[in-house]
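Below is one structure; the comments refer to it alone.
The values are calculated or read from the model by the stated rules, or taken from the named source; none is laboratory data. A quick note: this is a predicted structure, and the numbers were derived from the prediction, not measured. Cβ placement follows ideal geometry from the backbone for every residue including glycine, while neighbour counts extend to all protein chains displayed.
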Amino acid sequence: MIKPTTRIPISSIILDEDIYPRNGIDLRRVGIFAENIRDGFKFEPIELEPDPDKPGRYRLLDGAHRWSAYKSNGVAEAEAVIKNLDGTNPLLYAAKKAIGPRQLTEDEARDTARRAYNKNPALTSSAIGKAIGRARQTVDSYIADLRAATQMGLDIKIFRMNRLGIPQDRIAKRLGVDQKTIHNHLGKMPVLANFLNTDLSRGFTVAQVAEKHGWTEPMVWSLALEAKEDLERFKELGWGLRTWDLWEWNDCDRRFGDDWPGRIPAQLIAHILYYFSKQTDLILDPMAGGGVTPDTCLALNRRCWAFDMTDRPETRPEIEPCTWTLPDSPDKPDWPITSKGKPDLIIFDPPYFDKKAADYAEKSISDLSKKEYLEFLEAFFALLKRNAKKTTRLAFINADWRDFQNKPAAEESGKGSILIDDYLRILSRTGWQHTHIIQAPMSAQRFSSVVVSAMQKKRILGVTSRYVIILRRTKK
Ligand SMILES: C[S@@+](CC[C@H](N)C(=O)[O-])C[C@H]1O[C@@H](n2cnc3c(N)ncnc32)[C@H](O)[C@@H]1O
């Protein structure tokens, strides 16, 4: 079959080292090609794919030497086939093409196999071997250490998800392995945990043990604090317990959760857990973001099911992907899991109205208008109630929203603002009765002194108030 070709300017073609299987261009070969071009010899078209990072540019899949020869002869355009690889690994495709005229050297084959495996650990040795012209066993030997590290990674992911009480069928689905594999890995857990416990008992710190074994700190905490009461855990974690309903911290505890827009302090989550749940309870966080809730649950021995629209399977396998949308009808609950089990406590920390809209992914509720935002919350509270137990508590975290930026306080009309009573009204309409309103103000340190003094001059009254509203289900 004749492949459709097109003429592409040489200047818009690049040699992308990420998908080039050789150590470098063979200048002798380029010289021979350049001579052939001068003699009027016609070559096979080169193969390109659109560069995913540079619109309007193409990267070479086959023909690096011909392309170099065209360049050195001052040829303006080259005959090319534009490929759509449709998910095929471009490095392996390029390798398969490269070995047509000349095998890869030992170094090149090893390096290509390792790079391809690193990019996609699901690739089999025989698939890699076919592309680079080596036997499966040879590829096995090239990537043995990388495979061991990935296996370790899988152990850690399974352990973490299991510790958080995620059912095995969901762990299997999330990690793309069968349930038998999960079962086998879990069997190894006590031995793995032993290595860490031994290091802890020798006096290494949690951070040192985490680094040595490649675990996250919250997971090591979950081992280090095993069998301890909540209060002892607070003490060991260095969190002073607040006795009154004002919870204020200037900083997030960096050991828990990732750097994430709208991250809340782990101390705040820990206080919700301390007062409104007990060990091994099931906690649900439907918009878990940077993972502060699951991390804190590990440290305080709670189970946790977490969801978010942003999917990070490698680093946050325990946060299952889910974009909450408004159900078309209230009778059609839009619930992402079929597993039995209802939460004892729901921690719901949505994006606050109009805040950080640019930081979150498309379809984030931070993009909604005030009316839509409140409608979403109303439908969502109703959905939570339908999927809660009689005794389930809801901890709803939100902040007042006033358009204070450019207005003296006395000129604010209140129109367009969303305040705590707006939330309480829709919570009550959807069958949630509040039992506590805890003040957990956001830090004002994010405002520079210049901004503060400008605000003071103009009599602008800023907003730092944030609330944790604790609710229980009403009977209706
Ligand atoms: C305030 S952040 C949560 C921060 C989290 N508590 C932490 O400390 O890391 C709100 C999260 O809601 C998620 N989100 C927004 N709209 C969503 C939707 N429609 N479905 C699912 N997640 C959504 C965002 O991706 C974001 O991670």
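For region 117-130, which positions are among the small types (G, A, S) and under 31 Å from the mean Cα position of the chain (by Cα)?
Scanning region 117-130 gives A122, S125, S126, A127.
Looking at (1) under 29 Å from D107 (Cα atoms); (2) outside any helix (DSSP H, G or I); (3) without any contact (Cβ under 8 Å) to a residue 60 or more places away in the chain, which is the one condition that is false for N23?
(3)
Hey, among the residues in region 366-417 that are touching a Leu at 6+ places or on another chain (Cβ under 7 Å) and over 30 Å from L282 (Cβ atoms), which one's modelled with the highest pLDDT?
A409
Confirm whether I319 is out of contact with any Pro (no Cβ under 9 Å at 6 or more places or on another chain), within 29 Å of L175 (Cβ to Cβ), in the same structural domain as F447 (by TED's automatic domain parsing) and at pLDDT 95 or above.
In short, no.
Would you mind finding the one in L196, L186 that is part of a helix (DSSP H, G or I), farther than 28 Å from C322 by Cα and out of contact with any Ser or Thr (no Cβ under 6 Å at 6 or more places or on another chain)?
L196
Name the single residue that is nearest to the ligand (Cβ to nearest atom) among those in region 281-330 being on the phi > 0 side of the Ramachandran plot and touching a residue at least 40 places away in the same chain (Cβ under 8 Å).
Only one residue tops the list, namely G289.
Name the one entry in T181, T138, T112 that is part of a helix (DSSP H, G or I), more than 22 Å from the chain's Cα centre (by Cα) and at pLDDT 95 or above.
T112
If I filter region 194-234 down to residues being surrounded by 15 or more Cβ atoms within 10 Å (Cβ to Cβ) and small (G, A, S), which single residue comes out as nearest to P294 (Cα to Cα)?
S222
Taking region 207-249, which residues are within 30 Å of the chain's Cα centre (by Cα) and aromatic (F, W, Y)?
W215, W221, F234, W239, W247, W249
Report yes if some residue within region 138-145 is crowded, with 17+ Cβ neighbours inside 10 Å and over 30 Å from D111 (Cα atoms); otherwise report no.
There is no residue in region 138-145 that is crowded, with 17+ Cβ neighbours inside 10 Å and over 30 Å from D111 (Cα atoms).
Find the residue count for region 241-261, including only residues that are within 14 Å of the ligand (Cβ to nearest atom) and touching a Pro at 6+ places or on another chain (Cβ under 9 Å).
Selection size over region 241-261: 8.
Just one of the numbered conditions (1) over 15 Å from the mean Cα position of the chain (by Cα); (2) surrounded by 18 or more Cβ atoms within 10 Å (Cβ to Cβ) is not true of G290; which one?
In the conditions (1) over 15 Å from the mean Cα position of the chain (by Cα); (2) surrounded by 18 or more Cβ atoms within 10 Å (Cβ to Cβ), G290 misses (1) alone.
Go through region 405-434 residue by residue and tally those that are surrounded by 17 or more Cβ atoms within 10 Å (Cβ to Cβ) and within 26 Å of V452 (Cα to Cα).
Result for region 405-434: 1.
Taking L273 as the residue in question, decide whether it is farther than 14 Å from A395 by Cα, away from the ligand (no atom under 12 Å from the Cβ) and assigned to a helix (DSSP H, G or I).
For L273, the condition - farther than 14 Å from A395 by Cα, away from the ligand (no atom under 12 Å from the Cβ) and assigned to a helix (DSSP H, G or I) - is not met.
Looking at A34, A109, A76, can you tell me which residue is buried (at least 21 other Cβ atoms within 10 Å of the Cβ), more than 26 Å from G176 (Cβ to Cβ) and either touching a Ser or Thr at 6+ places or on another chain (Cβ under 8 Å) or not assigned by TED's automatic domain parsing to the domain that holds G153 (or both)?
A109
Give all pairs with beta carbons closer than 6 Å in which a residue from region 165-186 that is touching a residue at least 12 places away in the same chain (Cβ under 8 Å) and not assigned by TED's automatic domain parsing to the domain that holds N301 meets a residue that is in a loop (DSSP other than H, G, I, E, B) and surrounded by 15 or more Cβ atoms within 10 Å (Cβ to Cβ); count only pairs at least 6 apart in sequence or on separate chains.
If the second residue must be in a loop (DSSP other than H, G, I, E, B) and surrounded by 15 or more Cβ atoms within 10 Å (Cβ to Cβ), the pairs left are R174/P317.
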